[in-house]
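Read through the structure below, which is laid out as structure tokens, and then see the notes.
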Amino acid sequence: MASVKVIGRDGGVSELAAMAGCPLMEALRDASTGVEGTCGGACSCGTCHVYVDAAWMDRLPAKSEDEQLMLDAIGELVPLKPGSRLSCQIPISAELEGLVVEIAPPL
Ligand code: FES
């Protein structure tokens with residue numbers, strides 16, 4: 001498990017316990033944060049977009065080409081930031097204890 005700090009779309013801050021081995025998207029979706037994960041983690045919907053806190057960017061797996069292409073596509077609809085990631089592409093591990101993410105606006 002890893003505790004993840006979540007900044008909601010309303011600016012509210014909450015913490016959730018995410019199961020190691022599961023994609024961050026599933027923990028955010030199941031906690032009703034507004035993350036939908038419509039494609040189930042196939043990197044093809046963009047509804048799991050989050051802004052990762054700058055301090056954590058280097059500690060996450062690198063973006064795949066598919067993730068970058070999806071981010072480029074949704075960038076026409078919502079603002080992208082340096083910390084923009086698809087949360088379905090971030091597997092939870094104990095090393096991510098304390099991760100801070102902000103939920104991006106809906107598509
Ligand atoms: S769940 Fe669809 S892109 Fe992440």
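Read-outs: derived from the displayed coordinates by stated rules, not from any lab. Treat the numbers as computed from the prediction; the structure is a model and nothing was measured. Cβ atoms come from the backbone with ideal geometry, glycine included; neighbour counts cover every protein chain shown.
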Checklist outcome for this item: Scanning the stretch 24-61 for residues that are farther than 16 Å from residue 83 by Cα and acidic (Asp, Glu), the one farthest from the chain's Cα centre (by Cα) turns out to be 30
Checklist entry - Name the residues in the stretch 44-57 that are closer than 19 Å to residue 8 by Cβ, within 13 Å of the ligand (Cβ to nearest atom) and touching a helix residue (DSSP H, G or I) at 6+ places or on another chain (Cβ under 8 Å), would you? => result 46, 48, 49, 50
Checklist entry - Pick from the stretch 22-43 the residues that are among the hydroxyl-bearing types (Ser, Thr, Tyr) and in contact with a Ser or Thr (Cβ under 9 Å, 6 or more places away or on another chain): which of them is nearest to the ligand (Cβ to nearest atom)? => result 38
Checklist entry - In the stretch 71-96, what residues are more than 16 Å from the ligand (Cβ to nearest atom), in a loop (DSSP other than H, G, I, E, B) and under 21 Å from residue 21 (Cα atoms)? => result 93
Checklist entry - Given the conditions (1) within 21 Å of residue 98 (Cβ to Cβ); (2) within 15 Å of the ligand (Cβ to nearest atom); (3) exposed (fewer than 15 other Cβ atoms within 10 Å of the Cβ), which single one is not true for residue 64? => result (1)
